[in-house]
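First comes the structure, then the notes that go with it.
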Amino acid sequence: MLNVSDLEKLTRGYLPDNEVTNIRRACEFGLRAHEGQLRKSGEPFINHPLEVAKILADMHMDYQTLCAAILHDVIEDTKTAKDEIRKQFDKDIAKLVDGVSKLTQVKFVNKEEAQAHNFRKMLMAMTNDIRVILVKLADRLHNMRTLGALLPEQRRRIARETLEVYAPIAQRLGINNIRLELEELGFAALYPMRHKILERQVIKARGNRKEVINKIRNALRRRLRQEK
């Protein structure tokens, strides 16, 4: 389970000390704001924003994005107001948090509405600050990783939304590693039996491919030795 020290250690690898200090302050603020809140899995709620921040830290995002990731649920899920975030941190972080909160409030009913409505909403967000979308994608990715705590119908709804809305957005932005994981997790949740069958076939195919590659590698080594 990720903790504040882990995140701090990760960010020290590429951010200056004063920015890492702000990230720690955001963690402490988030801990106070989410105190007593639990996720469906029973774990402390703060684990989720910390994991979201880690996904973005692995992408070497700036400290404002990481602070917004840590605080992205405080406006919607706690009594914390946008003005308080602005006072404690700065107006850019407050805008990012507010932007993510507004995206979270958008509800999708069907595929057609999701594509049209989400595209417009995301386009507006991109015009202001693309980091809002990056935080939202990281938020969705961690939610997909922890989907098992939800009821089957909830898992299917979120998986369908992920495949139809969020994975294509990640693709348009060129974030291929997030797109691939969203598609993998979404397909597994929406079509569990098909996923198991395909997974077995993929593992089998990879095994056969490795065997062929090993044969070619050994043949090349023998010939290279012969030719010195």
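Give me the residue from segment 10-49 that is of a type in the set (D, E, K, R) and under 17 Å from C67 (Cβ atoms) and, out of that set, farthest from the chain's Cα centre (by Cα). Outline the logic, then answer.
Taking segment 10-49 and keeping what is of a type in the set (D, E, K, R), we get 12, 17, 19, 24-25, 28, 32, 35, 39-40, 43.
Remaining after also requiring under 17 Å from C67 (Cβ atoms): 12, 17, 19, 24-25, 28, 32.
Numbers: R12: 21, D17: 25, E19: 22, R24: 20, R25: 22, E28: 21, R32: 23 Å.
Among them, the one singled out is D17.
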Sort through L38, L66 and tell me the only one that's in contact with a strand residue (DSSP E or B) (Cβ under 8 Å, 6 or more places away or on another chain) and either farther than 23 Å from Y166 by Cα or at pLDDT 85 or above (or both).
-> L38
Could you please give the count of residues in segment 38-61 that are open to solvent by less than 50 Å² (accessible area, probe 1.4 Å) and assigned to a loop (DSSP other than H, G, I, E, B)?
-> 6
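Answer with yes or no whether K87 is open to solvent by 60 Å² or more (accessible area, probe 1.4 Å), out of contact with any Ser or Thr (no Cβ under 9 Å at 6 or more places or on another chain) and either part of a helix (DSSP H, G or I) or at pLDDT below 95 (or both).
So K87 passes the test.
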Given (1) surrounded by fewer than 22 Cβ atoms within 10 Å (Cβ to Cβ); (2) out of contact with any Leu (no Cβ under 8 Å at 6 or more places or on another chain), number of the condition L71 does not satisfy = (1)
Consider only pairs whose beta carbons are under 7 Å apart and that are at least six residues apart or on different chains; among these, list those whose first residue lies in segment 57-75 and is at positive phi and whose second residue is open to solvent by less than 10 Å² (accessible area, probe 1.4 Å).
-> none
Which ones in segment 120-143 are surrounded by 17 or more Cβ atoms within 10 Å (Cβ to Cβ) and over 15 Å from T104 (Cα atoms)?
-> D129
Got a number for residues in segment 11-24 being exposed (fewer than 14 other Cβ atoms within 10 Å of the Cβ), in a helix (DSSP H, G or I) and not polar (S, T, N, Q)?
-> 1
Selection from segment 69-83 of residues modelled with pLDDT of 85 or more and of a type in the set (G, A, S) yields A69
Selection from segment 67-78 of residues that are touching a Lys or Arg at 6+ places or on another chain (Cβ under 9 Å) and not in a loop (DSSP other than H, G, I, E, B) | C67, A68, A69, I75
Can you spot a residue in segment 150-173 that is within 18 Å of the chain's Cα centre (by Cα), closer than 14 Å to I133 by Cα and open to solvent by 60 Å² or more (accessible area, probe 1.4 Å)?
-> yes
Could you give me the residue pairs with C-beta distances under 9 Å whose first residue belongs to segment 161-182 and is within 18 Å of V106 (Cβ to Cβ) and touching a residue at least 24 places away in the same chain (Cβ under 8 Å), whose second residue is outside any helix (DSSP H, G or I) and open to solvent by less than 60 Å² (accessible area, probe 1.4 Å) wherever it lies, and which are 6+ apart or on separate chains?
-> E161/F108; E164/F108; V165/F108; I169/I175
Looking only at residues in segment 182-201 that are among the charged types (D, E, K, R) and open to solvent by 100 Å² or more (accessible area, probe 1.4 Å), which one is modelled with the lowest pLDDT?
-> R200
Could we say that L220 is over 25 Å from A57 (Cβ atoms) and modelled with pLDDT of 95 or more here?
-> yes
Residues (closer than 29 Å to L137 by Cβ and open to solvent by 100 Å² or more (accessible area, probe 1.4 Å)) located in segment 202-228 = I203, R206
Restricting the first residue to segment 192-208 and requiring it to be under 19 Å from M144 (Cα atoms) and assigned to a helix (DSSP H, G or I), which pairs with a second residue that is at pLDDT 95 or above and open to solvent by less than 90 Å² (accessible area, probe 1.4 Å) meet a Cβ separation below 8 Å and a spacing of at least six or different chains?
-> R194/F187; H195/F187; H195/A188
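The values are calculated or read from the model by the stated rules, or taken from the named source; none is laboratory data. Since the structure is predicted, the reported quantities are computational estimates derived from the model, not experimental observations. Heads up, the Cβs are rebuilt from the backbone with ideal geometry, glycines too, and the neighbour counts pull from every protein chain shown. The protein model used for the area step is the full one, side chains on, heavy atoms only, and it has no ligands, DNA or RNA in it. Shrake-Rupley method; radii C 1.70, N 1.55, O 1.52, S 1.80 Å.
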